[in-house]
Structures are given as C-alpha cells and as structure tokens.
Amino acid sequence: MEISAGEQNPQVTTTSQPMSGKRSQLELKRIVEAALAKICPLPDAALWLVVNHVAATGHPIRSLRVAATLHFLSEGSPFCCGEPMCHLGLSRKRLDELGEEVRLLLHLRHEVSLDFPSGISVHCHPGVTFQPQNPRDTDDV
C-alpha cells in the first residue's frame, strides 16, 4: 500500500528516505540481505543477490518494500533460465518465512511482511550463458 503526500492515515507511515531513528536504511538492507541468505540460499560463485533499497512502513515497522537485483555470474554458467523467482524460489510461503526471519532480526513481537513490488531486477555479467530449454531452441549454424 502506498500513501501519497496528500492522504492521511495515522496508522501507516511510509519512509522512502533513510530512517533517522533506531533503524537506518543501511541496517534494514543488511537485515533483509541476511534473511534472504538464510531463507533463499544461493550458490556462492553463481548468483549474487543485492538489496538496492528498503522502504519501511509503520511505526514500529510492519512491512518492508524491497528493491533488489539478482546478478548472474559467469562462474555459474550455464543457467537454466534468467528468472529470479526460479533461482530464489520466492513463493508466498517463503515470503512469510522471510518476514518471520526479519521480525526476529529486528526483535519485534508483531508480524512483518516483505514485498518486492517491482519484482527482482536481473543483471547478467559478461560470459553468462543459459541452457536451451528445448532442443528446437538451438540453431544449427
């Protein structure tokens, strides 16, 4: 849920700038990255997930909107596909597990939800290749 500048809702506050209180933007990014590493472990030399930005909603925090980029590294080639959800397995259940892990890391008593409203961006580094899904996908040259 996004609140525009003209709307009033005393139960929800949005923060798109670094937080000035106990929870800084950098701290929230580190916490989300730690939760992702635990719940969605990635092969060390193949994929690299970077949290670009975290926007917290609520006081205390009730939800986090996360912008992230999944980097495909040549050391992991060939990959089956370039879909972040395939490699991270971010189902609704896993998102709930991430929220629970973030809740524990923030030492909160209430539920915390995570959302990736723009999905997860992809960056393919030089040398990355993908396996053809179907033998007809290859061209004989």
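The values are calculated or read from the model by the stated rules, or taken from the named source; none is laboratory data. Just so it is clear, the structure is predicted and the values come from calculations on it, not from any experiment. No Cβ is skipped: glycine too gets one built from the backbone with ideal geometry, and neighbour counts run over all protein chains shown. Heads up: the accessible areas ignore ligands, DNA and RNA and are worked out on the full protein's heavy atoms, side chains in. Shrake-Rupley method; radii C 1.70, N 1.55, O 1.52, S 1.80 Å.
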Nearest-0.05 FRET efficiency for ASP96 and HIS123 at R0 = 41 Å, using Cβ-Cβ distance, is 0.90
Heavy atoms of LEU95 accessible to a 1.4 Å probe, total area in Å² rounded to 10: 30 Å²
Under-5 Å amide H pairs with CYS124, H placed in peptide plane, nonlocal only: PHE72
Whole-number accessible area per residue in Å² for segment 37-82, which is evaluated in the context of all protein chains at 1.4 Å: 46 Å²
